[in-house]
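First up is the structure itself, then whatever we jot down about it.
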Amino acid sequence: MSYQFPKNFWWGSAASGPQTEGVFEGDHKGENIWDYWYKTQPDKFFNQVGPNLTSQVYQKYQEDIQLMVETGHNSFRTSIQWSRLIPDPTTGVINEAAVKFYNQLIDDLLANGIDPFINLYHFDMPMILQEKGGWESLEVVELYVAYAKTCFELFGDRVKKWFTHNEPIVPVEGGYLYGWHYPDKVDLKAGIQVLYHEALASAKAIAAYHAMDLDGEIGIVLNLTPTYPRDEQNEADLAAAQFVDGFFNRSFLDPAVKGHFPQDMIDWAKANELLPQTTPEDLAIIAENIVDLLGVNYYQPRRAKAKETPVEKREAGLLPEDFYDVYDMPGKKMNPYRGWEIYEKGIYDTLINLKENYGNIRCYISENGMGVEGEERFVNSNGMIEDDYRIEFVTEHLKWVHRAIQEGSQVQGYHMWTCMDNWSWLNAYKNRYGFVAVDLDNDAKRTIKKSGYWFKTVRDNNGF
Ligand code: BGP
């Protein structure tokens with residue numbers, strides 16, 4: 001069977017500024033939470049490798065854009081680093097070196113037939129603002145909106161696809177529940193305030209963008225984790241799965257697409273004294289400023305069952321898992337390297353959910369990919385990594401995307417995570433995701449993997 005995709009389908013990949021650019025202290029860049037955390041607690045980072053060692057895109061972006069052409073990209077998402085563009089956001093003073101870099105990057109992408117999709121926030125809070133409380137602070141929300149406007153003014157004549165956040169639930173989980181992000185707290189109530197402020201910041205940035213009438217589109221990138229109950233006939237399991245879906249998915253999806261928070265989550269937060277501080281004016285802004293399109297990151301589903309194991313009382317208070325247990329389904333397919341489940345149909349279920357319950361919002365797959373440790377093992381005699389597992393992973397997901405399109409989903413593209421192998425938060429370079437290998441011991445030398453050449457054929461044929 002052949003799988004043909006709609007005309008003008010976006011084929012490409014995604015990355016982020018902090019994970020790729022490098023020059024983390026140079027060219028007048030300000031400090032962000034990752035730079036600070038790395039400098040103060042290097043042991044948190046795999047092999048003590050932090051944002052100091054990236055794939056050097058700041059210097060090598062021209063070479064990288066040629067590699068994007070060779071691997072079939074017609075579009076590419078990255079993020080602007082807030083701390084690079086405005087090193088001290090309390091002053092608003094723009095770093096001209098950053099403007100030059102992002103202008104060159106955008107212009108070069110366009111000159112090579114690659115549409116730049118630009119995200120404004122990929123986990124990289126400027127440290128000066130974290131000291132004011134980060135997303136816990138309304139002042140930071142306003143400074144983010146000012147930063148967003150600056151980006152639209154500087155680059156909005158050429159960038160036509162904007163995103164307000166990447167995976168806004170992750171700073172909540174990472175920073176306020178599980179310790180993978182600074183400020184490394186366990187405080188569900190503060191996390192929910194952060195969640196609300198991120199949603200508010202997104203709506204305000206969308207309002208600002210639409211007011212500028214720049215002839216483009218703006219959305220948000222969400223990591224959606226379709227959630228399956230252990231037993232679909234069991235009411236308690238269904239309720240557990242609904243809670244998980246509410247907390248991790250609908251708490252951002254609903255305000256982004258429908259303009260309001262899910263009522264079951266509001267009721268839950270109220271019952272547990274976790275409601276954030278809101279104002280009617282701000283809730284009206286969220287109601288009136290929904291996204292034009294959605295980016296969907298899909299890696300793995302969640303599986304839930306009714307609470308069986310009571311959690312001992314923690315000093316730090318409640319966590320989401322006080323309301324459900326993870327269901328470890330026997331026989332599920334795993335990526336052994338990243339420890340994530342591989343469930344290809346989840347991408348289809350997510351797209352059909354958007355079609356049926358979210359007005360068939362236009363969307364694209366903004367991340368999907370397979371992190372693999374020790375890929376050097378698969379290098380052939382010509383020096384190329386033969387990553388057939390990645391080709392199979394992408395193929396199987398694309399088949400389900402194709403089926404969703406046939407059934408009416410308005411999914412308009414597929415971006416893999418990622419093009420160049422990149423640095424990844426606490427995991428550093430442990431798991432490699434790219435179409436292109438980066439040799440850190442050899443001046444970040446790039447070599448296209450087998451999957452990169454394969455992706456070019458997919459793009460050329462608009463399918464496979
Ligand atoms: C997503 C993030 C990316 C990237 C990717 C892979 O959640 O948006 O920034 O890191 O996951 O995850 P990891 O590198 O942790 O394996």
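The values are calculated or read from the model by the stated rules, or taken from the named source; none is laboratory data. What you see is a predicted model; the values in this text were computed from it and never measured. Neighbour counts run over all protein chains shown; Cβ positions are idealised from the backbone, glycine included. Keep in mind that these areas ignore ligands, DNA and RNA; they rest on the heavy atoms of the full protein, side chains included. Shrake-Rupley method; radii C 1.70, N 1.55, O 1.52, S 1.80 Å.
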By the gyration tensor of its Cα atoms, with a ≥ b ≥ c the square roots of the eigenvalues, what is the shape of region 304-405: rounded for a/c under 1.5, prolate for a/b over b/c, or oblate? oblate
Using 22 Å as the Cα-Cα cut-off, could you pick out the over-long pairs in 333/399; 189/430; 161/204; 161/345? 189/430; 161/345
For the residue pair residue 427 and residue 103, what label-to-label distance in nm results when each label sits 7 Å from Cα along the Cα-to-beta-carbon direction? 3.7 nm
By the C-alpha gyration tensor axes a ≥ b ≥ c (rounded if a/c is under 1.5, else prolate when a/b exceeds b/c, else oblate), the shape of region 10-461 is rounded
From the helices alone, meaning DSSP H stretches of at least four residues, give me the mean residue ellipticity at 222 nm for the chain, per-run term -39500 (n - 2.57), in deg cm²/dmol to the nearest 500. -11500 deg cm²/dmol
Beyond 25 Å (Cα-Cα) in this structure, taken from 160/449; 7/445; 29/149, we find 160/449; 7/445
Rounded, prolate or oblate, given the Cα gyration tensor of region 319-464, with a/c below 1.5 counting as rounded? oblate
Normalised by the residues of the chain, what does the relative contact order come to in percent, with Cα pairs under 8 Å and at least six apart? 19 percent
How large a share of the accessible area of region 1-91, in percent, is made up of carbon and sulfur atoms when the probe is 1.4 Å and the other protein chains stay in place? 47 percent
Could you run the Debye sum over the Cα atoms of region 1-139, one equal point scatterer each and no solvent, and tell me log10 of I(q)/I(0) at q = 0.20 Å⁻¹, two decimals? -1.19
Can you pull out the GluC sites (Glu not before Pro) in region 384-464 that DSSP calls coil and that have at most 16 other Cβ atoms within 10 Å? 386, 407
Quick check: residue separation of residue 439 and residue 46 times 0.36 nm, minus the Cα distance between them. What number comes out in nm? 139.8 nm
With every protein chain kept in place and ligands, DNA and RNA left out, what is the accessible area per residue of the chain? Probe 1.4 Å, answer in Å². 39 Å²
One finds, for residue 273 and residue 311 with R0 = 22 angstrom and r their Cβ-Cβ distance, a FRET efficiency to the nearest 0.05 of 0.80
Taking the mean number of other Cβ atoms within 10 Å as a proxy for protection, how do you rank 337-347, 126-136, 320-330 from highest to lowest? 126-136, 337-347, 320-330
Could you check the simple spin-label distance between residue 263 and residue 88, using points 7 Å along Cα→Cβ, in nm with one decimal? 5.0 nm
Karplus 3J(HN,Hα) series, Hz, for region 449-462 with 6.51 cos²θ - 1.76 cosθ + 1.60 (x for Gly, Pro): 8, 4, 5, x, 5, 4, 4, 4, 5, 5, 4, 4, 8, 6
Size of the dipole of region 10-461 about the Cα centre, Lys and Arg at +1 and Asp and Glu at -1 on the beta carbon, nothing else charged, in debye to 20? 700 debye
